[in-house]
Amino acid sequence: MRELNADRPDKTDCPFTVDAGHYQVELDFANVTYDRANSGRGDISSRTVEIAPVNLKVGLLNNLDFQFVFAAYRWERTDDRRSGVVQRKAGFSGVTPRFKLNLIGNDGGLLAVAPLPFLNLPLNQGNLGGNSVQGGIGLPYAFDLGNWDLGLQTTYRFNHNGSGDGYHTEFENSVSLGHQLVGKLSLAVEFFSSVSTERGTGWSGTVDSWLTYQVGPNLRLDCGVYIGVTPAADDWHPWFGTTWRF
């Protein structure tokens with residue numbers, strides 16, 4: 001099999017697919033999102049906890065895999081500092097089926113590229129996730145720089161408007177760079193940007209960092225944090241997770 005590659009823990013997906021006939025589990029054991037109140041969002045703070053969000057993959061062909069993304073349980077709390085209203089939601093928000101088709105570089109070479117179309121299907125348990133089908137396509141690509149891992153991605157999302165009917169487009173771009181620290185331990189950093197065409201929505205930017213430990217050829221552990229650097233981004237999002245192939 002090829003070297004173990006995963007679409008986690010960064011927001012930059014990898015352009016490599018799971019080997020045909022094999023399976024891969026990529027999950028957070030748990031993660032937390034915290035966003036403090038600020039005047040740009042109406043003085044509303046929020047906290048979110050997800051239990052075992054997972055991406056289940058199966059290799060269909062040498063260059064094609066199918067992925068099924070969902071979170072087993074999600075809990076949200078929002079506090080409106082102006083009105084004093086506290087809202088709590090909990091449940092199962094929905095599922096996201098995806099396909100990844102590697103076009104070049106799956107088995108080596110300077111450049112690897114793979115389109116990644118996806119569809120968000122809401123289940124709206126506990127008023128989570130809304131009622132609208134959304135989707136888009138990502139284009140992750142990576143360069144082989146020897147001891148450095150360089151990944152980039154551009155994603156186009158077609159999301160339902162936050163208020164009213166209709167859809168808008170969101171444009172995401174990210175770049176990540178990783179390097180082996182010592183032995184099986186590696187460090188990586190990433191910059192992520194999301195710009196929405198919906199009126200009144202600011203651009204979201206985060207600086208992310210994480211550690212990975214390669215337990216074996218088919219098992220990896222990771223932990224890290226996304227840090228928001230713009231008012232529209234969540235302030236903190238730490239996690240601890242794993243990738244397992246079989």
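The simple spin-label model puts a point 7 Å past each Cα toward its Cβ; for Leu211 and Gln180 those points are separated by 1.8 nm. Peptides 214-224, 14-24 ranked from most to least packed, by the mean per-residue count of other Cβ atoms within 10 Å: 14-24, 214-224. Residue-normalised convex hull volume from the C-alpha trace of the stretch 101-164: 121 Å³ per residue. What is the sum of charges, Lys and Arg at +1 and Asp and Glu at -1, for the other residues whose Cβ falls under 9 Å from the Cβ of Gly228? The answer is -3.
Here P(r) over Cα pairs in 10 Å bins from 0, in percent was computed from the coordinates, and among (1) 7, 28, 40, 19, 6, 1; (2) 8, 31, 39, 19, 4, 0; (3) 6, 27, 32, 22, 9, 4, 0 the match is (1). Surface exposure of the stretch 58-193, expressed per residue as accessible area with a 1.4 Å probe, stands at 55 Å². Counted by Cβ distance under 10 Å from Phe16, the other residues give a net charge of -4, where Lys and Arg count +1 and Asp and Glu count -1.
The modelled label-to-label distance between Val85 and Leu187, using points 7 Å beyond Cα along the C-beta direction, is 4.5 nm. Evaluated at q = 0.12, 0.14 Å⁻¹, the base-10 log of the normalised Debye intensity for the stretch 133-243, with identical point scatterers placed on the Cα atoms, takes the values -0.53, -0.70. A simple count of charges around Asp107, restricted to other residues whose Cβ falls under 13 Å of its Cβ and scoring Lys, Arg +1 and Asp, Glu -1, yields -2. For Arg47 and Phe240, the FRET efficiency from 1/(1 + (r/R0)^6), where r spans their Cβ atoms and R0 equals 22 Å, is about 0.80. Of the solvent-accessible surface of the stretch 34-114, computed with a 1.4 Å probe over protein heavy atoms with every protein chain present, carbon and sulfur atoms account for 60 percent. Straight Cα distances below 28 angstrom link Lys184 to the lysines Lys11, Lys57, Lys100, with same-chain residues fewer than 8 positions distant left out.
Springs between Cα atoms under 10 Å define the GNM used for the chain, and in it the highest mean-square fluctuation of Val86, Val95, Val189 occurs at Val86.
The values are calculated or read from the model by the stated rules, or taken from the named source; none is laboratory data. This is a predicted model, so every value here is computed, not measured. Glycine also receives a Cβ, built like all others from the backbone with ideal geometry; neighbour counts cover every protein chain displayed. When the accessible area is computed, the model is the full protein with side chains, heavy atoms only, and any ligands, DNA or RNA have been set aside. Shrake-Rupley method; radii C 1.70, N 1.55, O 1.52, S 1.80 Å.
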